[in-house]
Amino acid sequence: MTQDPNQVNTTKINNLVIPNSVNTVEKGAFRNIELTNVVIPNSVKSIREGAFRNNNLTNLIIPNSVTNIEEGAFENNKLTNVIIPDSVTYIGAGAFRNNNLTNVILPDSVNYIEESAFQNNELTNVVIPNSVTNIGWGAFQNNELTNVVIPNSVTAIGKSAFENNKLINLIIPDSVVIIGESAFKDNKLTNVVIPNSVTNIGWGAFQNNELTNVVIPNSVTNIGWSTFENNKLINLIIPDSVKSIGEHAFQNNELTNVVIPNSVTAIGWGAFQNNKLISVKIPNSVKSIRENAFKDNKLTNVVIPDSVKSIGEHAFYNNSNLTIYCNENSYTKEYATKNNLNYIIIDIDETF
């Protein structure tokens, strides 16, 4: 027997006991009825999309007969506590979104946490079980997390998965290959370990944190837009696997030193803007330096090779004591002359 999705949702009910004859709570069956309490029997195996959406539930016990909790099943309630049994293998998108959960224990039976599953709650701590392989888009976004344990089973951390929490320290296991856009944006991270397994760090993944140090592994080929923007990084070594440094990648940090490897071909718009860099040597692999790339630093000398054929507007703006070192008959000399920048002609290959 299944529960008719149209049976009750026009009636206001505060307390509900679902009979033992029900094995599926259908889509939207008890939405918008001002429920404050529900008893779900052991006969129920599946809770469908939006089944209890938009109610006033505060506590919830899900029986160990349930295997699927589908999209938005308990969305927009007032849940502070929920017990999810180890019979559950699937937690759908937004299943517990927009509640007041402070704690949740995820069973080892769950292998995928869908997008926005626990978004907009008050979770302070979460342990993700070893069974989980993917953490979906916005899964724990907008909570109060100060700590999270990510197991070695996880291969992908979705876009905004932990955005806007209070995480301080983070260990990413060496099973993770992809860190999605804004995955850890707007936290309080002071330290993060990124393993060699990671090949893709999405735009803004660690933006707006308090990182003072980061080790970027040799597996990373591109540092995306705003990846480490608005942190407190002091020193930085970019591995020789990196080919491009994206726009605003390290903007608004405390960098006094950076080593750019010979693998990098492009330095993006505002990539190192507003730091405390004193000296930079551009490798001869770089072809372009975009607008504002090194604006608002404390640069006294920059070495630019002949490989650079394009330098954007204000790339070195507001570095009052800057001298550029370049070769005769180079594009850089023309750029420096045109922009009234001090330059010294040298043989870069012999001098540096």
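The values are calculated or read from the model by the stated rules, or taken from the named source; none is laboratory data. The structure presented is a predicted model; accordingly, all values stated were derived computationally and were not measured. Please note: Cβ atoms are built from the backbone with ideal geometry, for glycine as well, and neighbour counts cover all protein chains shown.
For region 199-240, enumerate the residues that are outside any loop (DSSP other than H, G, I, E, B) and under 14 Å from the mean Cα position of the chain (by Cα). I'd like the intermediate steps shown before the answer.
We begin by selecting, within region 199-240, every residue outside any loop (DSSP other than H, G, I, E, B); these are 200-201, 213-215, 222-223, 235-237.
Answer for region 199-240, where residues must be outside any loop (DSSP other than H, G, I, E, B) and under 14 Å from the mean Cα position of the chain (by Cα): 200, 201, 223.
Out of the residues in region 38-67 that are at pLDDT below 95 and not β-branched (Val, Ile, Thr), which is farthest from residue 109 (Cα to Cα)?
59
Check 245, 201, 216 and return the single one that is crowded, with 21+ Cβ neighbours inside 10 Å, over 27 Å from residue 348 (Cα atoms) and without any contact (Cβ under 8 Å) to a residue 40 or more places away in the chain. Working first, answer last.
On the way: 245 fails: over 27 Å from residue 348 (Cα atoms); 216 fails: crowded, with 21+ Cβ neighbours inside 10 Å.
The match here is 201.
Before we move on, is residue 32 surrounded by 12 or more Cβ atoms within 10 Å (Cβ to Cβ), polar (S, T, N, Q) and either at pLDDT below 95 or not in a loop (DSSP other than H, G, I, E, B) (or both)?
no
Of the residues 70, 122, 75, which single one is over 22 Å from residue 202 (Cα atoms), assigned by the TED database to the domain that holds residue 41 and out of contact with any strand residue (DSSP E or B) (no Cβ under 8 Å at 6 or more places or on another chain)?
75
Say we look at region 156-177 and pick out the residues that are at pLDDT 95 or above and not in a loop (DSSP other than H, G, I, E, B); which of these is nearest to residue 233 (Cα to Cα)?
So the residue we want is 157.
State all residues of region 127-166 that are surrounded by fewer than 21 Cβ atoms within 10 Å (Cβ to Cβ) and closer than 21 Å to residue 223 by Cβ; if no residue qualifies, say none.
Passing the criteria: 155, 156.
Before we move on, is residue 271 farther than 24 Å from residue 209 by Cβ and small (Gly, Ala, Ser)? Explain how you work it out, then say what you get.
Working: farther than 24 Å from residue 209 by Cβ: no; small (Gly, Ala, Ser): yes.
Taking the combined requirement at face value, the residue does not satisfy it.
Within region 286-300, can one find any residue that is over 25 Å from residue 212 (Cβ atoms) and either outside any loop (DSSP other than H, G, I, E, B) or touching a Leu at 6+ places or on another chain (Cβ under 9 Å) (or both)?
yes
Among the listed residues 306, 296, 347, which satisfies the condition of being among the acidic types (Asp, Glu) and closer than 22 Å to residue 232 by Cα?
Selected residue: 296, the only one of 306, 296, 347 that is among the acidic types (Asp, Glu) and closer than 22 Å to residue 232 by Cα.
Which residues, counting only those in region 220-261, are farther than 22 Å from residue 138 by Cβ, at pLDDT 95 or above and of a type in the set (Ser, Thr, Tyr)?
241, 256, listed by residue number.
Please find, within region 48-70, the residue that is surrounded by the most Cβ atoms within 10 Å (Cβ to Cβ) out of those that are touching a Ser or Thr at 6+ places or on another chain (Cβ under 8 Å) and not in a loop (DSSP other than H, G, I, E, B).
It comes out as 68.
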